[in-house]
Each structure stands twice: as C-alpha cells, then as structure tokens.
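Everything on this sheet refers to the single structure shown next.
The values are calculated or read from the model by the stated rules, or taken from the named source; none is laboratory data. It should be emphasised that the depicted structure is a prediction, and the values quoted were computed from it without experimental measurement. Using ideal geometry, Cβ is built from the backbone for each residue, glycine included, and neighbour counts are taken over all protein chains shown. Only protein heavy atoms, including side chains, enter the accessible area calculation; ligands, DNA and RNA are left aside. Shrake-Rupley method; radii C 1.70, N 1.55, O 1.52, S 1.80 Å.
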Amino acid sequence: MKKISVLGTGNMGKALVKQAAANLEGQVLWGSRNPEAAAELAKGFRQERIVTGTYEDALQADIIIPAFPAAAILEWAEANREQLKNKIVVDIANPFNADFSGFTTSWGESSSERLQALLPESIVIGAFKNTFFQVFEQPEFQDRQSDVLVTGDDEDAVQQFIQRFNPLPFRFLHAGPLANNRTIERFTLLELELAVRYGTYPYISLQVFGIPEAVPVI
C-alpha cells in the first residue's frame, strides 16, 4: 500500500488530511513547520489515522502532496530534489498571480510541467486543481459528486493515484498528460470568477456530464 503524506496546514492541507484520514486505509503523514499545531488540528479529525511531523518527516511517503502555493512548491521542490527521487509528487496548486487577474506561467506551460522539469527523477501528477477547499466538506451537489481531474505523463502513476484515492467521496477522471494542466489551471480561475459572481465562493467544483457514474481507470 502506497504511503501518503500531505504537507501544509492551510485550507487545502486540512481538507485533504481530513478526507484521507476518514476514507483511506493506512496512516496519513501530515507534515508541518509546526508539528504541535498540526497535532492539535488532527484532534478534530480521525486522529488515529494521522501521524503528524515535520516537512522532512513527510518526505518518507510514496505519494507526497505539497499543499502550498505554486511558487512555494517550486522552492520546496528545489530544496528537496534528492529526497523526492522516485516519489509521486501531486501538484494541486494553480499559478494565479497576486490579485487573481492572471497567471505566473506563460500561455504554453503549467505549474505541473514546471514542477516536473525541476524534478526529473520524480513523477509529477496533477490533481484537485479544480476542487476548492470547501467542496471537501460537501463533495456532492444535487446528487452528483465533484469530479477531480487527474493528469500525468506516467500512466502507471496516474492509475496508482486514482486507485489509492478512489475511496474519497469524489469521482476521479483521468484527464490526460501534464500539459493538459495548461487548460485546467485556466479553467479553475474561471471557476473562481463564477463562484464570486454567483456568491458561492469558495464552494465550486466541476461536474462532467455524459460519463458513466462508475468510471474505470483508463
């Protein structure tokens, strides 16, 4: 069984740890710059499934999810390139600029591709980019599950991720190669604008119609 870790105690970090501890087999490593504070947060979740520690402790997992902003993930990746060799690193970040008017990436690249370029001996996949943190508390809307788009250039790693995380109350869709995050990240900014416009922010996600409810991993 692939060991999972989440780094960071922000909104997405807390949401991921809570769902993983509630639904996945095995323990979840929760890395924080302040492990004692993470341990206090974990008391409100399924605590026996959560092991809190430092960011360095969390690098011992097989599937590592840094729940940091896109720029911070790049700095973290450069600093930990050696420890991340042969690991699956899950990029959940969107490279929005400071005022959410655009992106820090050019049109022909994504944050996931940047991360993979920094970590040539790791396997980067993209996931949860289109899923805002409040959706984790209520992933079903009008009897339909939120869809999570999963991307990657390594087919085996994408399937491992989907199979490992499939017990979460989401529908995971294989969304193709890492390059497709150029579209996903931009669409997520449109999601944000729609949520603000219609007063639901930060509760908005993606539901793709026309695909059967039970989706095989392909």
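At Asp62 and Glu155, where each label point lies 7 Å from the Cα along Cα→Cβ, what is the point-to-point distance in nanometres?
Reported label-point gap for Asp62 and Glu155 is 2.0 nm.
Rounded to a whole number, what % of the accessible area of segment 1-55 do carbon and sulfur atoms account for, probe 1.4 Å?
Working: 1210 of 2660 Å².
Solvent-exposed carbon and sulfur of segment 1-55 make up 46 percent of the total.
Using amide H atoms built 1.01 Å from N in the peptide plane, name the residues 5+ places from Val28, or on other chains, whose amide H lies under 5 Å from its own.
When sequence neighbours closer than 5 places are left aside, the close amide H contacts are Ile50, Val51.
Tell me, what HN-Hα J-couplings in whole Hz come from the Karplus equation 6.51 cos²θ - 1.76 cosθ + 1.60 at θ = phi - 60° for each residue of segment 39-46, using x for Gly and Pro?
4, 5, 5, 5, 4, x, 10, 7
Over what distance in Å are the Cα centres of segment 104-157 and segment 19-57 separated?
Centre-to-centre (Cα) distance: 22 Å.
Using the Karplus equation 6.51 cos²θ - 1.76 cosθ + 1.60 (θ = phi - 60°), what ³J(HN,Hα) coupling, rounded to whole Hz, does each residue of segment 75-91 give in order, writing x for Gly and Pro?
For segment 75-91, the Karplus-derived couplings read 5, 4, 5, 4, 6, 10, 4, 5, 5, 8, 4, 6, 9, 8, 10, 9, 8 Hz, x marking Gly and Pro.
Name the residues whose placed amide hydrogens come within less than 5 Å of the amide hydrogen of Phe103, ignoring near sequence neighbours (fewer than 5 apart) on the same chain.
Result for Phe103 returns Asn97.
In segment 18-107, which GluC sites (Glu not before Pro) fall in coil by DSSP and have 16 or fewer other Cβ atoms within 10 Å? Each step should come with its number before you reach the end.
Values: sites: Glu25, Glu36, Glu40, Glu48, Glu56, Glu75, Glu78, Glu82; in loops: Glu25, Glu82.
Answer by residue number: Glu25, Glu82.
Which whole-number value in Å² is the accessible area per residue of the chain, probe 1.4 Å?
Values: 10540 Å² over 218 residues.
Ligands and nucleic acids excluded, the result is 48 Å² per residue.
For Gln134 paired with Asn166, estimate the spin-label separation in nm (one decimal), with each label point 7 Å from Cα along the Cα-to-Cβ line.
Label-label distance for Gln134 and Asn166, simple model: 3.2 nm.
In whole Å, what three semi-axes, largest first, describe the equivalent ellipsoid of the chain built from its Cα gyration tensor (square root of 5 times each eigenvalue)?
Numbers: eigenvalues 110, 87, 67 Å².
Working from the Cα gyration tensor, I get semi-axes of 23, 21, 18 Å.
Using the Cα centre as the reference, give the magnitude of the dipole from point charges on the C-beta atoms of segment 101-216 (Lys, Arg: +1; Asp, Glu: -1; all else neutral), rounded to the nearest 20 debye. Walk me through the numbers before you get to the answer.
On the way: 8 positive and 15 negative charges, 58 e Å.
Charge dipole, segment 101-216, about its Cα centre: 280 debye, nearest 20.
Starting from the Cα of Thr54, step 7 Å along the direction of its Cβ; do the same at Glu36; then give the gap between the two resulting points in nm.
Going by the 7 Å Cα→Cβ label model, 1.5 nm.
Figure the gain on full extension for Arg46 and Glu109 (residue separation times 0.36 nm, minus the Cα-Cα span) and round it to one decimal in nm. Spell out each step's value before the answer.
Details: separation 63, 0.36 × 63 = 22.68 nm, distance 3.81 nm.
Here the segment from Arg46 to Glu109 would lengthen by 18.9 nm.
What residues of segment 160-203 lie in the reach of a label at Arg144, counting those whose backbone N is under 13 Å from a point 7 Å from the Cα along Cα→Cβ?
171
Which order do the peptides 85-97, 175-187 take when ranked by the mean count of other beta-carbon atoms within 10 Å per residue, highest first? Numbers along the way, then the final one.
Details: 85-97: 20.7, 175-187: 19.0.
In decreasing order of mean packing, 85-97, 175-187 become 85-97, 175-187.
Carbon and sulfur: what percent of segment 130-218's accessible surface (1.4 Å probe)?
Working: 2580 of 4630 Å².
Here it works out to 56 percent.
Determine the calculated [θ] at 222 nm for the chain from helices alone, applying -39500 (n - 2.57) to every DSSP H run no shorter than 4 residues and normalising by the residue count; nearest 500 deg cm²/dmol.
Values: 7 runs with 71 residues, N = 218.
Here the helix-only value at 222 nm equals -9500 deg cm²/dmol.
Tell me the trypsin sites (Lys or Arg not before Pro) within segment 16-58 that lie in a loop according to DSSP and have at most 10 other beta-carbon atoms within 10 Å. Walk me through the numbers on the way to the answer.
Working: sites: Lys18, Arg33, Lys43, Arg46, Arg49; in loops: Arg33, Lys43, Arg46.
Those that pass, being in a loop and sparsely packed, are Lys43.
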